[in-house]
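**Q** I am attaching a structure below and will ask some questions about it afterwards.
Read the figures in this text as sums done on the coordinates, not as results from a lab. Computed from a prediction, not measured in an experiment: that's the story for all the values here. All Cβ positions, even for glycine, are placed from backbone atoms using ideal geometry, and neighbour counts span all protein chains on display.
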Amino acid sequence: ERCPPEILHHIFALACKDGGSTARSLSLVSRTISKKSTYSRLHSVACHGADQILSFARILDTRPPHLRVMRHLF
């Protein structure tokens, strides 16, 4: 709670470059970490197969546009 949000965002952006597994883990740590990592969770996403692509599309539909920003989609 004492760490500035700008630093947390930078840390989360660096950590979420593995296709999504770190982002999923961050969302499960605590409510606070889940909320603060929301902007970085889609930094790098990997979908394998049609089922995952369709599930990911449904997830994107539920998020507001400013939370749909991603850098890498595999």
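**Q** In deg cm²/dmol and to the nearest 500, what is the mean residue ellipticity at 222 nm of the chain if only DSSP H runs of at least 4 residues count, each as -39500 (n - 2.57), divided by the residue total?
**A** -15500 deg cm²/dmol
**Q** Also, quick follow-up: If you add up the charges near His43, with Lys and Arg at +1 and Asp and Glu at -1, over every other residue whose beta carbon is less than 10 angstrom from its beta carbon, what do you get?
**A** +2
**Q** OK, next. Roughly how tilted is helix 5-15, in degrees to the nearest 10 and between 0 and 90, from the longest Cα axis of the chain?
**A** 40
**Q** Same structure again: Tell me the volume per residue, in Å³, of the convex hull enclosing the alpha carbons of the stretch 5-73.
**A** Considering the Cα atoms of the stretch 5-73, their hull volume per residue is 86 Å³.
**Q** Tell me the angle of helix 50-62 to the major Cα principal axis of the chain, expressed in degrees between 0 and 90 and rounded to the nearest ten.
**A** The helix 50-62 is inclined about 50 degrees to the chain.
**Q** Give me the net charge of Val69's neighbourhood, meaning all other residues with Cβ under 14 Å from the Cβ of Val69; Lys, Arg count +1, Asp, Glu -1.
**A** Combined, the nearby Lys, Arg, Asp and Glu give +4.
**Q** What is the gain in length, in nm to one decimal, between Val29 and Glu6 on full extension, counting 0.36 nm per residue of separation less the C-alpha to C-alpha distance?
**A** So the extension gain works out to 6.3 nm.
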